[in-house]
Each structure stands twice: as C-alpha cells, then as structure tokens.
Amino acid sequence: AALPGPAPADWAQAPLDPAVRAVLVGFDEHFSYAKLCQALRYLLRGGPGCLLVGTNRDHRLPLEGGAAIPGTGCLVKAVETAAQREAFIVGKPNRYMFDCVASEFDIDPARTIMVGDRLDTDILMGNSCGLTTLLTLTGVTTLDEVKGHQESDCPARQSLVPDYYVDSIADLLPALGD
Amino acid sequence: AGCSGGGMAGCRRLSGAELREVLGPAEGLLFDCDGVLWAGERAVPGAPELLERLRRSGKTALFVSNNSRRSVAELERRFSRLGFRGVRAEHVFSSALCSALFLRQRLLGGGASGNGAGRVFVLGGEGLRGEVRGAGLRLAGEGEPAPGAAEPVRAVLVGYDDQFTFGKLAQACGYLRDPQCLLVATDPDPWHPLSDGQRTPGTGSLTAAVETASGRKALVVGKPNTYMFDCIVERFGVDPSRTLMVGDRLETDILFGKNCGLSTILTLTGVSRLEEAQAYMASDSAAAKDLVPNYYVDSIADLIPGLDE
C-alpha cells in the first residue's frame, strides 16, 4: 500500500494489517527506512505475540574481485536494534534447516557429510549437528583461516574447524567407484 | 552542586530544601531537548518559564541533543517558535553539529586544505548535510560511478536517515573497504518516540546495518559518549562540578552526565520511566548503576521553585 505522506510521522498513521503475526526479514535489495518503520510498528503492536524471524545472518554476499554487497544479517540487525529484541534465525549455522532435512529424509548424522565453503555457517552447522564436515576451497575460505582457528585456544573458534578439506568437490570423484 | 564521582546515585525526587541546595550553587544546566523541553510541537508546560528564570538568576542554560535531523540554525528557530526566548544557535549542541566538528578535526585538523581532506558520504537529511558543509567539508554525491574516480571519500557519516535504502548501505560499504575511511555515527539511539506513543527507528538501527556489512565499529559522537561535552567545554568553559545534566533517557542523558562528571536529573516527561531507573538501582551489574540519576522530577517546571524570585 502507498505510504500516506513523506515523513515517518505520516507513515506511522498508515493502517496496519490486523492479521499480521510475524515479521520475516530476508534479503531485500529494496530495504528502506519506511519498511523498517512498518516492521517496528508490527513488532510493538504484537509484542511477544508477533514473531521476529530472520532467514540468515550472513554479513556480506561476495562478488567477483573482492567486492561484496551487504547480506541479510545487516537488515536483521537493523530490525533487532530498533525493536530491542532478538530474531529467531532459520538459516545456517542454526540447526533448524538441518532438522527440516533430517525429519523429511530420515538422515543419520553419523553417516552424513556436510559440504560447504563457509566456516561460520556451513561447517559450524555441520559440527553442531554431529555431521562429518568437509570444507571446499572454491569459495570464501582459505586454509590459513582454518589454521588460525585450529591453533586458537578458543572453543568457539575450534568449532569452526572442519574434519576434512578438498580443493574442490571434483576431488571427491576418484572415491566413487563406477 | 550535588555529588559526582564514587558511589551510586540515589534517584531521589528533587524538591523543597534539597532542590534549593542543588540549584543554588549550580552555575549552569545542560538540557536534552526532545522529551525535556518539548514533546513534538508542544513545549512542556512551564519549560519556557524555567529557562527565563534561569537567565534572570544568572545561570547558563545550554542544550545537548542526540537528534541529528536539524541544523542548529533550524533548532534556534524551533526554540523561538515553541515559546522559548533568548536561545541562540551557539547555545545548542546537536549531534549533527558535533559530528561535523568531529569530522572537521579528523579530516582537516592536520592542516590539510579543503581539496586534500577528502569527502564525506552522509547518510542523513538536509539538516545534517548542511552542518557537514558548514564545517568546511565536501560531501560525496549519491549514485556516483566507481569510487576513486574523484576525490576519495574519507568518512562515512551515519545519521538519522528516513530515506535510508539498501543501495545507500551498499554504497557506504564500498567506501568503507578503504581502511583509512572513517565510520562515524551521530548517535546510538535505537528508536525515538512519536507523539502518539509509537516509535520510529533511530540512527542506532541504521548504524548496526552498516557495521554488520562493513565489519567495522562506528565512532559514535552523541550521548552517552563525551565528545559533545568536549565541544561545550571548548566553547563555554563549563565546570562539571557546578553543572547539572537534565535529560529524559537513562541510557543516553544520565549515562552522559555520569561519564562527564555531572550531577544528573531525570525528567519524566519523555522516554524513561521511574520504574526503569529503580530497576537499574536494584540491579547487581556495575554498568546498571551508572544509569541511575542523582535526582528526578516529574517535569522541569518542578525546578522553578529552586530558584530565587
């Protein structure tokens, strides 16, 4: 619906949909202050009765050449800060998505491998869920970063260390007989 | 004036003899604006009279606001429009002005000329942009071609920006890839009250987005950080032990007073409730104790009886 007027004081008068019971923050390249206002209004109206959910907390989406665009995590943080409450995060490294997959496909973690390129999402989720974790180096992570975590005393950093790594997932082919 | 320094503040209602004992020796008062002097377009009843009585008593009244929307020239007009007499722009320290002064110090302070200082990318409205220009700095335009083509952007300034977009967030991050580019925020406020009891998101929520995307921490100019007090001391030379801080928000105004060595008075016409101050007082955390005001009043009009007729 169009906003009634140019200023936040006007936007705060726009009617709220009485049926809204959740604010869901995902990747939104059209994110704006006006949308942030509306999210805040729904969360204040509903209190704990209105869910605040974020799809994921990624800070940045890398582009070629080292540039990056802001990730969903930035938008989640903006809403959390304005509303002074914490979002429920669906995506990795939280285990909710693994629980969805496991219940649908009857997965045994002890016999399942998680393959990913990000330590703080893919590998952390895999380790938290009891999977064997395999890092591929075709993405954002370098071996030096892994070594840094491995050599650290911090248990939180230790949980970012994968069980194995490959240069690329193509390196798995020789292990599969034909 | 009241005690500052060791020990927790007592959150006592300020009235009667104690009111006269606290106000009597005070040389000056620093006032927050929103929720203290006015709410929206209405002056707090009795507030203009209080300022007039302070003037007649020979006490200085200065104003320190985290609101980064308006230039101090606009604020001077606002004071007048809402019935406050004799308040001039030089008495008003907004986070917009102080952010501009901060950036001037950091970008021009080394003797760099206007051309060598680099530009500032401002996320904010025309009031904030005007203060930055007024400090002798040049602004980066919006929707420009690849960075580096023109004079480099040496600072990103996040203020209250009701035109904030994903595109501006991405542009800010582009500039912040240069580790020499400063990230500065006008204030940390997560939200501001609207006159009907709703809330509008504050600079703090936008700064959180920029910090998350860039992996950097912002330098925050506004309360509770003390930079704005440094600006006040530089211009007016106030003595903290003879100055009272009056505000409505515990996490910014009262903590600011504590950080600057000022005795603090919470007024209940704005954001914070007395119950919140009492909860901080009862808390075990050392950080919480710093949010407890020395005194509170229902409104700043309650200070009038503390002044000589």
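The values are calculated or read from the model by the stated rules, or taken from the named source; none is laboratory data. What you see is a predicted model, and the numbers here were worked out from it, not measured in a lab. Cβ: placed from backbone, ideal geometry, glycine included. Neighbour counts: every protein chain shown. Calculation scope for accessible area: heavy atoms of the full protein, side chains included, ligands and nucleic acids excluded. Shrake-Rupley method; radii C 1.70, N 1.55, O 1.52, S 1.80 Å.
Average accessible surface for chain B: 40 Å² per residue, computed with a 1.4 Å probe over protein heavy atoms with every protein chain in place. What is the sum of charges around A:GLU86, taking Lys and Arg as +1, Asp and Glu as -1, for the other residues whose C-beta is under 14 Å from the C-beta of A:GLU86? Taking every Cβ under 14 Å from that of A:GLU86, the sum is +2.
Chain A and chain B together bury an accessible surface of about 2300 square angstrom, both sides counted, with a 1.4 Å probe and no ligands or nucleic acids included. Taking every C-alpha pair closer than 8 Å and separated by at least 6 residues, the mean separation divided by the residue count of chain B gives a relative contact order of 25 percent. For the range A:6-24, a reduction of at least 30 Å² in accessible area between the chain on its own and the assembled protein chains (probe 1.4 Å) is found at A:PRO8, A:ALA12. Using a probe radius of 1.4 angstrom, the carbon and sulfur fraction of the accessible surface of the range A:21-89 is 58%. Summary value for the range A:21-89: 37 percent relative contact order, contacts being C-alpha pairs under 8 angstrom separated by 6+ residues. For peptide A:65-73, what's the mean number of Cβ atoms from other chains within 10 Å of each residue's Cβ? Rounded to a whole number, the mean comes out at 4. Taking the charge dipole of the protein assembly as shown about its Cα centre, with +1 at Lys and Arg Cβ atoms and -1 at Asp and Glu Cβ atoms, the residue from A:GLY49, B:THR264, B:ALA282 reaching farthest to the positive side is B:THR264.
Under the convention that each Lys and Arg Cβ holds +1 and each Asp and Glu Cβ holds -1, the size of the dipole of the range A:85-134 around its Cα centre is about 120 debye.
Within a straight-line Cα-Cα reach of under 18 Å, B:LYS289 can be paired with the following lysines, leaving aside sequence neighbours fewer than 8 residues apart in one chain: B:LYS223, B:LYS258. Which trypsin sites (Lys or Arg not before Pro) in the range B:219-309 pass both tests, a DSSP loop state and at most 16 other beta-carbon atoms within 10 Å? Loop-located and lightly packed - B:ARG273.
Computed with the Debye formula from one identical point scatterer per Cα of the range A:108-172, without solvent, the log10 of I(q)/I(0) at q = 0.17, 0.20, 0.23, 0.29 Å⁻¹ comes to -0.52, -0.71, -0.92, -1.29. Using heavy atoms of the protein chains and a probe of 1.4 Å, the accessible area assigned to A:PHE98 is about 20 Å².
If you roll a 1.4 angstrom probe over the protein chains with everything in place, what fraction of the accessible area of the range A:108-172 belongs to carbon and sulfur, to the nearest %? Heavy-atom surface of the range A:108-172 belonging to carbon and sulfur, 1.4 Å probe: 52 percent.
Charge tally for B:PRO293 (other residues, Cβ to Cβ under 15 Å; Lys, Arg +1; Asp, Glu -1): -3. Using a probe of 1.4 Å, the accessible surface attributed to A:PHE105 totals some 140 Å² when neighbouring protein chains are kept in position. For A:TYR165, what accessible area in Å² do you get when you roll a 1.4 Å probe over the heavy atoms of the protein chains, rounding to the nearest 10? About 120 Å², rounded to the nearest 10. Projected onto the charge dipole of the protein assembly as shown (+1 at Lys/Arg Cβ, -1 at Asp/Glu Cβ, origin at the Cα centre), which of B:PHE164, B:LEU37, A:ALA12 gives the Cα projection farthest towards the positive end? It is B:LEU37.
Net charge dipole, chain B: roughly 660 debye, given to the nearest 20, about the Cα centre with Cβ charges of +1 for Lys and Arg and -1 for Asp and Glu. For the range B:168-309, the fraction of 1.4 Å probe accessible surface lying on carbon and sulfur atoms is 50 percent. For A:CYS37, A:CYS100, the ranking by accessible surface with the largest value first comes to A:CYS100, A:CYS37, using a 1.4 Å probe.
Structural descriptor for the range B:151-229: relative contact order 32 percent, calculated from alpha carbon pairs under 8 angstrom and at least 6 residues apart. For the range B:1-87, the set of trypsin sites (Lys or Arg not before Pro) satisfying both a DSSP loop assignment and a count of at most 13 other C-beta atoms within 10 Å is given as B:ARG85.
Ranked from largest to smallest solvent-accessible area, with a 1.4 Å probe on the protein heavy atoms, A:MET114, B:MET245 come out as A:MET114, B:MET245. A 1.4 Å probe run over the protein chains yields, for the range A:22-178, 56 Å² of accessible area per residue, whole-number rounding. Other residues within the sphere of radius under 12 Å centred on the Cβ of A:VAL115, judged by their own Cβ, net out at -3 (K and R +1, D and E -1).
Taking the dipole about the Cα centre of chain B, with the C-beta of Lys and Arg at +1 and of Asp and Glu at -1, give me whichever of B:LEU307, B:LEU244, B:CYS173 is farthest to the positive side. So the residue we want is B:CYS173. Can you give the % of DSSP beta bridges in the range A:62-178 that are antiparallel, to the nearest 5? The antiparallel proportion sits near 10 percent. Within the range A:21-89, DSSP assigns beta bridges of which about 35% are antiparallel (rounded to the nearest 5). Summing Cβ point charges (Lys, Arg +1; Asp, Glu -1) relative to the Cα centre of the protein assembly as shown gives a dipole of roughly 1580 debye.
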